[in-house]
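For reference, the structure is listed below as structure tokens.
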Amino acid sequence: MSNPVGWFEFYEGVFGFKLEKLPGPDFEYWTFPMEREGKGAAGALCKYEGLPSGKNSVLVYFTCEDCAVEETKVKKLGGKIEKPKQSIGEYGFISLVYDTEGNMIGLHSRK
């Protein structure tokens, strides 16, 4: 069994925020920072025995100032780029990347 600390450092390093560990009865539960009246959705990372990471069916996009900046951080922290920054027309730009556990996430920016 490996220690998932690098996984959480990946998100903290790429996006510049701290995750908070919440108590869970039989799983690890880490929450993203949240503003109760803020825009967007809060979220969490959970680790359950028997449910391996990677190849997940839900793709979450994290809002960024510029996808290219976060792509650089992803590579430095051991993640991989699936699709580099590309235009999605009037909606801005996206990148698809993998974290260090093999989970794909999206990056979205307006510039």
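Annotations for the structure displayed:
- Integer Hz, Karplus 6.51/-1.76/1.60 couplings in order for the stretch 29-45, x for Gly and Pro: 9, 10, 9, 7, x, 8, 10, 4, 9, x, 7, x, 10, 7, x, 8, 10
- Using a cut-off of 23 Å between Cα atoms, the listed pairs 39/83; 47/80; 18/75 include 39/83 as exceeding that distance.
- Of the residues 64, 46, ranked by 1.4 Å probe accessible area with the largest first, the sequence reads 46, 64.
- Vicinal HN-Hα couplings computed from phi for the stretch 77-88 (Karplus, 6.51 cos²θ - 1.76 cosθ + 1.60; Hz; Gly/Pro x): 9, x, x, 10, 9, 8, 9, x, 2, 9, 6, 10
- Each listed q (0.19, 0.20, 0.22, 0.28 Å⁻¹) maps to a log10 I(q)/I(0) for the stretch 38-111 from the Debye sum over equal C-alpha point scatterers, namely -0.82, -0.89, -1.03, -1.34.
- Cut-off under 5 Å, modelled amide H: who pairs with residue 61 long-range: 106
- Close amide H pairs (under 5 Å, H built 1.01 Å from N) link residue 81 with 98, residues at least 5 positions away or on another chain.
The values are calculated or read from the model by the stated rules, or taken from the named source; none is laboratory data. Just so you know, these numbers come straight off a predicted model, no measurement behind them. To get the accessible areas, we keep the full protein, side chains included, count just its heavy atoms, and leave off ligands, DNA and RNA. Shrake-Rupley method; radii C 1.70, N 1.55, O 1.52, S 1.80 Å.
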